[in-house]
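So the structure is just underneath, and the comments pick up after that.
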Amino acid sequence: MALSLFPTLGLLAGLLAGTPIAAQSDSAQLAPLGLKPSQTIVHEHHQGEQLILKFVHGSDVRLRGGQFVSANDLPELVQINQQLAASGASIRRLIERPEAELDAWRAEGEARSGLVLHDLNLFFLVELPDADQLGANCDACNSFDLVELAYPVGTLSDPVAPRGTELPELSSTLSMTGGLPRLPSAAIGLLSRTVWQPNAPQLPAPDYESDQGYRRAAPLGIDADYGQNFSGGRGEGTTIADVETGWTHDHEDIRHKSLNQFIGLAGAPYPWDHGTAVLGELVGEDNATGVKGSVHQADVLMSSHLGSVANIPTAIANATAAAGPGDFVVLEVQCYSSAPSPHPCEYDAAIFATVQTATAAGTHVFAAAGNGANNLDSSAYGGLFDRNVRDSGAVMCGASDGSSLNTASFSNYGTRLDVHGWGFDVTTTGYGDLYNGGSVQTEYTAAFSGTSSATPIVTGAGVMVHSIHREAFGRGLEPLTLRSLLASTGTPQGSGGRIGPRPNVRAAIAQLAIPTVSVGGSLIPGGSVEITIAGPPGSRFKLGFSRQLLAAPAHLPPLGYRYLAKLQTTASGKIGAAGSTILSYPIPNNGGLSGQTVGYVQAAVYFRRGTAGGSFTNYLPIEVQ
């Protein structure tokens with residue numbers, strides 16, 4: 001019965017094509033969401049019974065009592081309502097946040113960025129009783145001028161690349177069951193884990209920090225060890241909202257930040273590994289066991305998509321609402337549709353519009369590029385990954401061969417990618433192939449791979465640089481500014497398709513002219529230590545010395561975090577015209593000092609910030625050789 005209406009409705013759509021729609025004059029400035037197809041092809045990667053319907057900008061269509069309505073005179077709405085009712089469809093707003101909140105969010109983003117943003121209240125989810133109706137219903141909706149785009153909902157998976165599994169075979173066998181991805185048996189074997197046993201003995205894990213090569217100085221890693229010596233460099237005062245699924249939130253190495261920090265959609269699956277591994281890279285606790293996260297003092301939120309592409313926009317909106325401007329959202333998921341798959345999820349119109357609104361409103365979004373070995377510059381994507389066509393503002397993260405800078409064989413690539421991280425054999429929390437102390441709360445892996453492992457490495461660098469800048473200058477970096485900085489100061493990639501450079505925190509800090517202290521000279525008994533203080537020329541400084549560090553950094557606004565205990569001011573003055581001052585101190589000619597850390601230095605540099613203020617530098621040890 002429903003199918004018989006389609007020719008009639010198509011004819012009515014043509015007759016009504018000249019009916020004026022109250023579209024805003026600025027609609028031409030909107031980023032494109034994709035062209036209407038001449039015919040919708042339902043692909044094996046599509047969900048089956050769901051389509052997303054987006055009305056044209058300025059139409060002010062809303063859902064009331066299960067029917068589309070508008071304050072504007074829109075005769076086509078009657079026909080669309082009839083069509084969907086005849087198909088037995090159920091309809092709901094796609095993004096499950098209050099309408100007024102989404103309107104305010106868009107207004108904030110437009111005012112802050114100067115962009116014209118899509119009205120997120122114009123996206124709706126249509127669920128059909130029969131998958132056989134999907135293509136025909138999409139085509140019927142697309143026949144109306146009032147509809148900007150109607151398209152089938154795709155599927156998703158974690159962007160992880162298990163060792164020993166051929167990626168095309170893995171992705172082609174993904175299916176959905178109970179709202180969660182089902183992996184083929186071969187992959188399940190690779191991802192096997194120990195079931196939690198409440199009474200099992202729990203043994204402390206070894207210290208795996210030395211295995212985290214991605215933390216080290218460039219070109220091997222992002223130089224997290226250097227960045228963590230700066231005020232804010234451990235992520236203090238920043239929130240990271242992880243959009244994906246599968247966290248063991250009470251894992252011993254992340255629970256100091258993740259315990260019960262679920263937001264948004266209820267029913268996040270527990271326990272599982274992927275989200276646990278991501279958070280281990282970011283906030284693994286700084287202690288004598290397990291791993292050490294690059295920004296282990298950042299706060300964490302977990303926003304689940306519950307295994308459905310249709311839920312991703314809501315999960316992003318939930319994450320952004322709970323975090324906010326200046327904070328970070330990580331999109332740890334890859335999507336599948338009729339385009340070459342898997343691909344970045346922002347190919348989906350609703351996900352793109354939500355991410356663009358988030359970044360325009362000041363929230364940093366870092367997204368996995370996906371593990372399809374696909375060239376995102378291919379015409380098959382219709383230009384939707386061409387920054388000259390549209391730009392969500394997100395940082396798109398590719399993957400290299402671990403310590404190598406060469407593009408990983410599985411990583412998607414193209415000009416849309418900004419930066420990359422390690423894509424092979426990352427040591428982090430979860431899975432249990434490296435260590436299992438008796439329960440899932442004590443499991444660790446040395447084989448976390450894919451753009452899954454690369455994205456939190458890149459995100460950690462972004463959080464670190466942003467937090468350091470905020471502590472130094474009293475303000476954060478805008479999303480596009482931070483993205484550009486990470487790309488322009490990173491270590492160039494090696495061979496293979498374009499995945500962008502690997503972030504280099506040290507180079508980014510230097511580019512921002514953050515005040516620093518460095519230690520050099522003849523560091524031997526009887527030699528001398530030279531301490532260089534760099535910062536704005538003419539700024540006053542005080543050099544502090546201590547024989548030990550504080551157990552926890554002391555926050556002293558507006559200078560930031562002091563790390564030294566029992567601080568002694570050893571020198572003060574003004575930074576020279578060249579932007580640096582060198583101080584020299586003799587080292588006693590005592591052979592017993594060899595191999596010893598005799599103390600630590602950190603400087604306070606005073607320069608104008610608002611009415612007055614300045615910044616603590618990084619801290620460094622004085623190590624006698």
request  = Would you be able to tell me the number of residues in the range 566-595 that are more than 25 Å from Ala554 (Cβ to Cβ) and part of a loop (DSSP other than H, G, I, E, B)?
outcome  = 10
request  = Take the residues in the range 143-152 that are surrounded by 23 or more Cβ atoms within 10 Å (Cβ to Cβ) and either modelled with pLDDT under 95 or not hydroxyl-bearing (Ser, Thr, Tyr) (or both), then tell me which one is nearest to Ser337 (Cα to Cα).
outcome  = Pro152
request  = Please tell me if Thr427 is more than 26 Å from Pro325 (Cα to Cα) and at pLDDT 95 or above.
outcome  = yes
remark   = Within the range 307-346, residues among the aliphatic types (A, V, I, L, M) and under 28 Å from Ala373 (Cβ atoms) come out as Val309, Ala310, Ile312, Ala315, Ile316, Val329, Val330, Leu331, Val333, Ala339
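The rows are residues; the columns are (1) surrounded by 24 or more Cβ atoms within 10 Å (Cβ to Cβ); (2) assigned to a strand (DSSP E or B); (3) not assigned by TED's automatic domain parsing to the domain that holds His118.
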position	(1), (2), (3)
Gly372	yes, no, yes
Gly383	no, no, yes
Gly398	yes, yes, yes
Gly402	no, no, yes
Ser409	no, no, yes
key: Among the residues listed as Arg506, Arg498, the single one being in contact with a strand residue (DSSP E or B) (Cβ under 6 Å, 6 or more places away or on another chain), outside the structural domain of Ala603 (by TED's automatic domain parsing) and not in a strand (DSSP E or B)   = Arg498
key: Search result, residues across the range 474-494 that are surrounded by 20 or more Cβ atoms within 10 Å (Cβ to Cβ) and assigned to a helix (DSSP H, G or I)   = Pro479, Leu482, Arg483, Leu485, Leu486, Thr489
query = From the list Asp401, Asp418, which one is without any contact (Cβ under 8 Å) to a residue 60 or more places away in the chain and more than 30 Å from Ala604 (Cα to Cα)?
reply = Asp401
key: So Ala277, is it farther than 30 Å from Tyr151 by Cα, assigned by TED's automatic domain parsing to the domain that holds Thr357, assigned to a helix (DSSP H, G or I) and touching a strand residue (DSSP E or B) at 6+ places or on another chain (Cβ under 6 Å)   = yes
Scope the range 430-465; condition in a strand (DSSP E or B) and in contact with a Leu (Cβ under 7 Å, 6 or more places away or on another chain); matching residues = Tyr444, Thr445, Ala446
Index of the failed condition, His46 passing every other in (1) surrounded by 14 or more Cβ atoms within 10 Å (Cβ to Cβ); (2) out of contact with any Gly (no Cβ under 9 Å at 6 or more places or on another chain); (3) not aliphatic (A, V, I, L, M) = (2)
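The values are calculated or read from the model by the stated rules, or taken from the named source; none is laboratory data. Quantities reported herein were computed from a predicted structural model and do not represent experimental measurements. Here the Cβ is made from the backbone with ideal geometry for all residues, glycine too, and neighbour counts use every protein chain on show.
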